[in-house]
Amino acid sequence: MTMTTLAAVALTLVELPYAYDALEPYISAETLHFHHDKHYAGYVAKLGELIEGTRYATMSLEDIVLNSEGAIFNNAAQAWNHVFYFEQLSPHAKHKPSGELRRAIDEEFGSLEELKRRMTATALSLFGSGWVWLATDRDGTLFILATQNAGTPLTDGLIPIMTIDVWEHAYYLDYRNIRKEAVEDIWNIVDWRVLEDRYAAAVG
């Protein structure tokens, strides 16, 4: 199981850990209302309908992601991805990593700025909807990867550390079609404390 317990186990709606307007000006209250209350909530509700009376009804969310396909996978993975995404953001974010995660970033990418550059470039090159991830294996090696639609590194045996949501509903109200600006601004509210805890749990 990953460090993000709520994303791993929750089959019911997880509330935001901050006020809807807390991430402004980078993400508006209007966007969060639609993103959390409509899109994410929709995945949770649909998943509940799909798994009722099936073997998945007694599984954790993460186990459903790892053992399903089709519509059940799509809704379970999107629910997991969204909780994971919302939990890494903060109006009081720590803006730079330290400790073991910082050492791993420097070793793999050379610098924090190079990591940001590569993740941003990956997000801009992803065709259509999906997610961009910073993930690790159990040995602590970091990877940047993109997944389309509901994809997640979990199914590749990797442990997510951070994600950028590049579905249009995550940014279109605030940035229209300028994905580059939306992706660059996300770094202002990513809390490296959360990422450090996720990394420590993954490799500990």
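Kindly provide the set of residues from region 152-168 that are touching a residue at least 40 places away in the same chain (Cβ under 8 Å) and either under 11 Å from the mean Cα position of the chain (by Cα) or surrounded by fewer than 18 Cβ atoms within 10 Å (Cβ to Cβ) (or both), ordered by number.
Scanning region 152-168 gives THR152, THR155, PRO160, ILE161, MET162, THR163, ILE164, ASP165, VAL166.
Could you check how many residues of region 58-92 are under 16 Å from the mean Cα position of the chain (by Cα) and small (Gly, Ala, Ser)?
Matching residues across region 58-92 total 4.
Here's a check for you: in region 105-134, which residue that is within 26 Å of GLY42 (Cβ to Cβ) and of a type outside the set (Ser, Thr, Tyr) is surrounded by the fewest Cβ atoms within 10 Å (Cβ to Cβ)?
Step by step, filter region 105-134, then rank; the result is PHE127.
Going through region 82-107 one residue at a time, which ones are hydroxyl-bearing (Ser, Thr, Tyr) and under 15 Å from ALA200 (Cα atoms)?
SER98
Identify all residues within region 109-147 that are of a type in the set (Val, Ile, Thr) and not in a helix (DSSP H, G or I); write none if there are none.
Once the filter is applied, which keeps residues that are of a type in the set (Val, Ile, Thr) and not in a helix (DSSP H, G or I), region 109-147 yields VAL132, THR136, THR141, ILE144, THR147.
Out of (1) over 21 Å from PRO17 (Cα atoms); (2) touching a Leu at 6+ places or on another chain (Cβ under 9 Å); (3) crowded, with 17+ Cβ neighbours inside 10 Å, what's the single condition that is false for GLN148?
(3)
Whether any residue in region 175-191 is buried (at least 17 other Cβ atoms within 10 Å of the Cβ) and either in the same structural domain as PHE73 (by TED's automatic domain parsing) or without any contact (Cβ under 8 Å) to a residue 24 or more places away in the chain (or both) is what I want to check.
Yes - at least one qualifying residue is present in region 175-191.
Could you list, in sequence order, all residues of region 7-37 that are in a helix (DSSP H, G or I) and either among the β-branched types (Val, Ile, Thr) or at pLDDT below 95 (or both)?
Of everything in region 7-37, those that are in a helix (DSSP H, G or I) and either among the β-branched types (Val, Ile, Thr) or at pLDDT below 95 (or both) turn out to be ALA7, ALA8, VAL9, THR31.
Just the residues that are touching a Phe, Trp or Tyr at 6+ places or on another chain (Cβ under 9 Å) and either farther than 17 Å from PHE34 by Cα or among the charged types (D, E, K, R) (or both), please, taken from region 167-186.
Within region 167-186, the first condition is being touching a Phe, Trp or Tyr at 6+ places or on another chain (Cβ under 9 Å), and the residues that meet it are 167, 169-170, 173-174, 178-179, 181-183, 185-186.
If the condition is that a residue be touching a Phe, Trp or Tyr at 6+ places or on another chain (Cβ under 9 Å) and either farther than 17 Å from PHE34 by Cα or among the charged types (D, E, K, R) (or both), then ASP174, ILE178, ARG179, GLU181, VAL183, ASP185, ILE186 are the ones that fit.
Being crowded, with 17+ Cβ neighbours inside 10 Å and polar (S, T, N, Q), is that true of even one residue in region 86-101?
yes
Condition check ((1) in the same structural domain as GLU52 (by TED's automatic domain parsing); (2) in contact with a Gly (Cβ under 8 Å, 6 or more places away or on another chain); (3) within 22 Å of THR54 (Cα to Cα)) across all residues:
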site: PHE73; (1), (2), (3): yes, no, yes
site: ALA76; (1), (2), (3): yes, no, yes
site: ALA79; (1), (2), (3): yes, no, yes
site: HIS82; (1), (2), (3): yes, no, no
site: HIS92; (1), (2), (3): no, no, no
site: ARG103; (1), (2), (3): no, no, no
site: ASP106; (1), (2), (3): no, no, no
site: PHE109; (1), (2), (3): no, no, no
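The values are calculated or read from the model by the stated rules, or taken from the named source; none is laboratory data. Small disclaimer: the values here were computed from a predicted structure and weren't measured. Glycine gets a Cβ as well: all are built from the backbone with ideal geometry, and neighbour counts include every protein chain shown.
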